[in-house]
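The values are calculated or read from the model by the stated rules, or taken from the named source; none is laboratory data. This is a predicted model, so every value here is computed, not measured. As a convention, Cβ positions derive from the backbone with ideal geometry for all residues, glycine included, and neighbour counts pool all protein chains shown. Side chains are part of the model used for accessible areas, which takes the heavy atoms of the whole protein and leaves out ligands, DNA and RNA. Shrake-Rupley method; radii C 1.70, N 1.55, O 1.52, S 1.80 Å.
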Amino acid sequence: MKIAVAGTGYVGLVTGVCLAEKGHTVSCVDIDERKVSLMNSGVSPIYEPGLQELMGKNMEKLHFTTNYQEAYRDADVIFIGVGTPEKQDGSANLAYVYSAAEQIAQCIEKDCVVVIKSTVPVGTNDKIEDFIKSHLAHPVNVYVASNPEFLSQGTAVRDTLYTSRIVIGVEEPIAGDTLQEVYKDFKAPVIVTNRKSAEMIKYASNDFLALKISFINEIANLCEIIGANVDDVALGMGYDSRIGNRFLNSGIGYGGSCFPKDTKALHWLANFHDYELKTIKAAIDVNENQKLKLIKKSRKYFDSLKGVNVAVLGLTFKPGTDDLREAPSLVNIPLMIEDGANVKAWDPVGINNFKKIQPENITYCESIEDTLEEADICFIFTEWDEVKDFDLSKYSKLMRKPIVLDGRNCYDLSSARKANIIYDSIGRETINSLETTLVNR
Ligand code: UGA
């Protein structure tokens, strides 16, 4: 079976590489020549654990090209895995999907199944099929199938090779049979449904997880007010298998390229159909506020951050990725700088990307120790292992005023009680284990 993949971002590249690992020959198409030559030399253009190794192992079955005519002409299956960024109004921008669809329509010379992996609004698969059919350069049969992905950044390869489920949305059995053949060596439940249901499964899954996070964040906020401990609350809830113990980590909100975009897109779609998705709206609103939680907490310690030495640990939206999209650091650091803070920041892989957005007014550090040196307050935005493993007692040794605001609950409270610091985290009691009172506040 000859497979082509349009787009070599997280979705496209990981899909292509994992299909090659399962024995398929895959041509990955991208418009960016620099990226294509990088991939042809065996280098992954994105940071994703295990991806480069798997690419290297399967280079004989993988082809990277900008020449889409060649890749699509005689393909049996073409996956579309291009980006669907958010537009100003919250709806999904489908320009890249349509551009790939147009190229496919112009090039295919034999019957083929076009599979949309990108997250697209419900109804898009139908429209793309009509679009391709009306733009065909050759008289062939085309079937469009929806096949959403459920990979998370940082664990994308594992999530794809050992996927929780394979969702196939089709209108014609022939397209379903072809996709079952593509996935025959994957061990996962297969759900075959119509295209709209498949599209909805993707949005409903992501939005439910976003809602779960916003729910626990609201509970955390209330725990702080009434003196409960959200970590214990989540633990106690999670033992109920109907609730489950995952995605109950409270913090400074969800980021990334999926939850913020997909919640807004589904809310927008419902509005468009004169229906208000109240739960999703609440998840979005809670998340916007939650992102500013640490900055608000900092007001307890400083009226303003003017002249204050601020240490920031973690820039990316979560550990295991260099992606900054919708990361809390992006809204918080500009506010600190605007306030007049002297900001030092550390991240194991996100600094180069952050420098492109914020090249000035910030000192980028190579180590946690350098970042904390002489700091008056520390903000933890990402729960990197390096932060979780960092000896808590070092905060008071390195910082001028050891005030630690932890947006990801990296440390347990019993350790904080022994660390000679002020430790203010999410949904838990604030610990003040300082041996002496802070001066010059
Ligand atoms: C998410 C979904 O988890 C995937 O299943 C889905 O395929 C993907 O979107 C997608 O649509 O492509 P991802 O955005 O990579 O994956 O990251 P997650 O691990 O889900 O984390 C998203 C955000 O939620 C992060 O900012 C993370 O810090 C936050 N989060 C997650 C919490 O605040 N608490 C939690 O308990 C879990």
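Okay, residues lined up against (1) modelled with pLDDT under 95; (2) open to solvent by less than 40 Å² (accessible area, probe 1.4 Å):
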site	(1), (2)
Lys196	no, no
Leu209	no, no
Phe215	no, no
Leu269	yes, yes
Ala283	no, yes
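Among the residues making up the stretch 113-162, those that are within 16 Å of the ligand (Cβ to nearest atom), charged (D, E, K, R) and closer than 25 Å to Phe272 by Cβ are Lys117, Glu149. Comparison of Ala228, Ala270, Ala282 shows that the only residue that is of a type in the set (A, V, I, L, M), in a loop (DSSP other than H, G, I, E, B) and more than 14 Å from the ligand (Cβ to nearest atom) is Ala228.
When the stretch 171-217 is filtered for residues that are in a helix (DSSP H, G or I), of a type in the set (A, V, I, L, M, F, W, C) and within 15 Å of the ligand (Cβ to nearest atom), the ones remaining, listed by number, are Ala198, Met200, Ile201, Ala204, Phe208, Leu209, Ala210, Leu211, Ile213, Phe215, Ile216.
Ala100 falls short on exactly one of the conditions (1) open to solvent by 10 Å² or more (accessible area, probe 1.4 Å); (2) under 22 Å from Leu269 (Cβ atoms); (3) away from the ligand (no atom under 16 Å from the Cβ), and that condition is (1). Note on the stretch 152-170: residues that are touching a residue at least 12 places away in the same chain (Cβ under 8 Å) and outside any loop (DSSP other than H, G, I, E, B) total 9.
The set of residues in the stretch 37-63 that are open to solvent by 10 Å² or more (accessible area, probe 1.4 Å) and touching a Cys at 6+ places or on another chain (Cβ under 9 Å) comprises Leu54, His63.
Within the stretch 241-248, the presence of a residue that is within 15 Å of the ligand (Cβ to nearest atom), open to solvent by 20 Å² or more (accessible area, probe 1.4 Å), modelled with pLDDT of 95 or more and part of a helix (DSSP H, G or I) is excluded. Among the criteria (1) away from the ligand (no atom under 16 Å from the Cβ); (2) within 22 Å of the chain's Cα centre (by Cα); (3) of a type in the set (Lys, Arg), the one Lys300 does not fulfil is (2). Do you know which residues across the stretch 318-335 are without any contact (Cβ under 8 Å) to a residue 60 or more places away in the chain and more than 20 Å from Lys306 (Cα to Cα)? Result: Leu324, single match.
Matching residues to (1) open to solvent by less than 40 Å² (accessible area, probe 1.4 Å); (2) under 30 Å from Asp285 (Cβ atoms):
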residue: Val140; (1), (2): yes, no
residue: Leu151; (1), (2): yes, yes
residue: Thr163; (1), (2): yes, no
residue: Gly176; (1), (2): yes, no
residue: Tyr183; (1), (2): yes, no
residue: Val190; (1), (2): no, no
residue: Glu199; (1), (2): yes, yes
residue: Lys202; (1), (2): yes, yes
residue: Asn206; (1), (2): yes, yes
